[in-house]
Every structure is written in structure tokens, then in C-alpha cells.
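Here's the structure we're looking at; comments come further down.
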Amino acid sequence: MSFTEDLFPKLDFLFSNYRLKINEQRSDVLCIANQCLEFRIIFNARENSYYLLINDKEKGSTVEIDNKTLSDFFKSDIKLSEVTREIFIDNLLKFFKLEEKKLLDCDMVYWKELQNYSAERSRIYTQQFTKR
């Protein structure tokens, strides 16, 4: 069974509660969207890894939701990186149900806070990298 075939049936609450639509579905990618944000859920077979990316549909900016973002920004102990498929799917569902309601409801102030967190994190990383 493909990654999205495992994942898709467990996401029906998103379609009924948040009026999300499917923008893309392949064996390794499921892209769902509301009126302002796109949630791209990806399986990379080469690395055997999973990703959640959130994209601003209007401006095109993207934020990856990794373990550090979950911990630092969302104050969550949920893990999405470096986990098995089953754990990724379970934790993704927890994340959508517990942490991401504001984004699912198109809270653009909250989205801007997440973007600012991601930009600052990138700035610090680049600054540390260039000092080497």
C-alpha cells in the first residue's frame, strides 16, 4: 500500500471540519489546502523520510514543520522527523487535531508568527554557517 493510501482515509475529519480540498495526490505526496494555506505531506522513498510543508498560497512562502519547529514554536513533543510511517501518520493526525487548528482555520496572524519563527531560525543557521 502506498504512503498516501495509508494516510488518506485517516484525514476525513479535515475535509468535513475544515473544508479542505485535495490539490494533488500521488503515491508519495498528498497536498491539501484551505482558502489560504496548502499543506504538503511528503514521503521521500530514497531517504525513507517524511515531511510536512505549509505553503502560503498567495505569497508562495513555505515553512517546513520539523521536530525543532514542533518543539520550539508549537511547544509540542510530537515528532514528525526520523520516525516510522506509522508513527509519522499517528503524529501527523495528532498535530492536525491539537496544534494546527489556527492554521486550518486560516489564522493569518498565527501564520505570520510561524513564518517569522522560520525566518529567524534560518537567519541564525546561516549566520552560524558563515562563521565557519
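The values are calculated or read from the model by the stated rules, or taken from the named source; none is laboratory data. Not measured: the values here are computed from a predicted model. Cβ atoms come from the backbone with ideal geometry, glycine included; neighbour counts cover every protein chain shown.
Being more than 21 Å from LYS101 (Cβ to Cβ) and buried (at least 19 other Cβ atoms within 10 Å of the Cβ) is the filter here, so list the residues in the range 49-70 that pass it.
TYR50
Inside the range 30-58, can you point out the residues that are closer than 14 Å to ASP107 by Cα and among the small types (Gly, Ala, Ser)?
If the condition is that a residue be closer than 14 Å to ASP107 by Cα and among the small types (Gly, Ala, Ser), then ALA33 is the only one that fits.
Restricting attention to the range 103-112, does a residue exist that is at pLDDT below 95 and closer than 25 Å to PHE3 by Cβ?
The answer is yes; a qualifying residue exists.
For LYS79, indicate whether it is over 22 Å from ARG26 (Cβ atoms) and under 12 Å from the mean Cα position of the chain (by Cα).
Values: over 22 Å from ARG26 (Cβ atoms): yes; under 12 Å from the mean Cα position of the chain (by Cα): yes.
It is true that LYS79 is over 22 Å from ARG26 (Cβ atoms) and under 12 Å from the mean Cα position of the chain (by Cα).
Collect the residues in the range 21-40 that are of a type in the set (A, V, I, L, M) and loosely packed, with under 15 Cβ neighbours inside 10 Å, keeping them in residue-number order.
Keep residues of the range 21-40 that are of a type in the set (A, V, I, L, M), which gives 22, 29-30, 32-33, 37.
Selection gives ILE22 alone.
(1) touching a Ser or Thr at 6+ places or on another chain (Cβ under 8 Å); (2) of a type in the set (D, E, K, R); (3) part of a helix (DSSP H, G or I): which one isn't true of ARG123, the others all being true?
Checking ARG123 against (1) touching a Ser or Thr at 6+ places or on another chain (Cβ under 8 Å); (2) of a type in the set (D, E, K, R); (3) part of a helix (DSSP H, G or I), the one that fails is (1).
Restricting attention to the range 20-27, does a residue exist that is β-branched (Val, Ile, Thr) and within 17 Å of TYR110 (Cβ to Cβ)? So that I can check it myself, show each step before the final result.
Taking the range 20-27 as the starting set, the residues that turn out to be β-branched (Val, Ile, Thr) are 22.
After this cut, where a residue has to be within 17 Å of TYR110 (Cβ to Cβ) as well, the list is none.
No - not one qualifying residue is present in the range 20-27.
What are the residues in the range 76-92 that are among the polar types (S, T, N, Q) and exposed (fewer than 13 other Cβ atoms within 10 Å of the Cβ), if any? Full working, then the answer.
Let us first name the residues in the range 76-92 that are among the polar types (S, T, N, Q), namely 76, 81, 84, 91.
Hit for the range 76-92 is THR84, nothing else.
Give the range 44-68 a look and list any residue that's modelled with pLDDT of 95 or more and among the hydrophobic types (A, V, I, L, M, F, W, C), or say none.
The answer is LEU52, LEU53, ILE54, VAL63, ILE65.
Return the only residue of PHE8, PHE43, PHE73, PHE95 being among the aromatic types (Phe, Trp, Tyr), surrounded by 14 or more Cβ atoms within 10 Å (Cβ to Cβ), without any contact (Cβ under 8 Å) to a residue 60 or more places away in the chain and farther than 29 Å from TYR125 by Cβ. Show your work before the answer.
Details: PHE43 fails: farther than 29 Å from TYR125 by Cβ; PHE73 fails: farther than 29 Å from TYR125 by Cβ; PHE95 fails: farther than 29 Å from TYR125 by Cβ.
Only one candidate passes the filter, namely PHE8.
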